[in-house]
Structure formats: C-alpha cells, structure tokens
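Heads up, the thing below is written out as structure tokens.
The values are calculated or read from the model by the stated rules, or taken from the named source; none is laboratory data. Bear in mind the structure is a predicted one, so any value in this text is a computation, not a measurement. Neighbour counts run over all protein chains shown; Cβ positions are idealised from the backbone, glycine included.
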Amino acid sequence: MKFKWQHLLMAVGLVVLIVMVVDFNRRLGELDRLTAQQGTVRVQGTAVMQTQNALMTQLTYANSTQAVEDWAYQDGHWIRPDEKPIGILPAGNVTPTSILAPVATDQAQPNWRIWWELFFGKSNP
C-alpha cells in the first residue's frame, strides 16, 4: 500500500481542528463565567456608590450649621434668640403620698382543709 501525504495532512488537519474546537469551547465557558462575574461586580459597585453618596450627604449635613442647631435645640442645650426659656418648678411643700401594701394574714390551716379546698373549692364542709 502506498503512503499518501494527502491522508496524513487530512489527519493532522482533523486533529488540529479538534484541538481548536475544544479550545474554543473552553474559551466560551470562560467568557460566560467572566460575564456573570462582571454582572456581580457591577451590582456591588452600584451598591458601593450609593453608600458613598448617602455617606457624603450625611457628612455634608453634619458639617452644616443646621445640624448644629438641630442638635442643640433637640437636646435642650440652646434656645433661639426669639424664644423665652420656661422652667417648671415644683409647688411649695409637696409631700409624697405613701402607698400602703396590703398585709397578708396567713393563718395555718389543717391539712385536711387544704386538701378539701384543692378538690372541692372554697366551700365549707
């Protein structure tokens, strides 16, 4: 049988084609994985940017004079110039009323009485 270079070149070409298809398939899988990872990173990046914007807004408010006035007015440390402070003082001689606790009178009862009340209630025999 005569050796044909044409068959050898076709076999080598087929092997190269198979290697290229396998490599292409691997690259497509890598592309899918990286695309999914890119979506995740974009979502995380958007969340970080929103957090940064919220913190910058809070920082801007905290550095404003309005924040200082709100804090001082809310906690009662400061009054505005057009306001008059009012202090509530207790009345003259206020005596606190005492609340008397009821005194429990525990009389020793015989055991048969305790069992009777347990089974039949408070009725007397």
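Taking interchain pairs and intrachain pairs at least six residues apart, which have beta carbon atoms under 8 angstrom, with the first residue in segment 57-77 and modelled with pLDDT of 90 or more and the second assigned to a helix (DSSP H, G or I)?
Tyr61/Ala67
So which residues in segment 102-113 are modelled with pLDDT of 70 or more and either surrounded by 10 or more Cβ atoms within 10 Å (Cβ to Cβ) or in a loop (DSSP other than H, G, I, E, B) (or both)?
Taking segment 102-113 and keeping what is modelled with pLDDT of 70 or more, we get 102, 107-113.
Matches in segment 102-113: Pro102, Gln107, Ala108, Gln109, Pro110, Arg113.
If you check Ile99 against the conditions, is it hydrophobic (A, V, I, L, M, F, W, C), assigned to a loop (DSSP other than H, G, I, E, B) and modelled with pLDDT of 75 or more? Can you show your working first?
Numbers: hydrophobic (A, V, I, L, M, F, W, C): yes; assigned to a loop (DSSP other than H, G, I, E, B): yes; modelled with pLDDT of 75 or more: yes.
Yes, satisfied.
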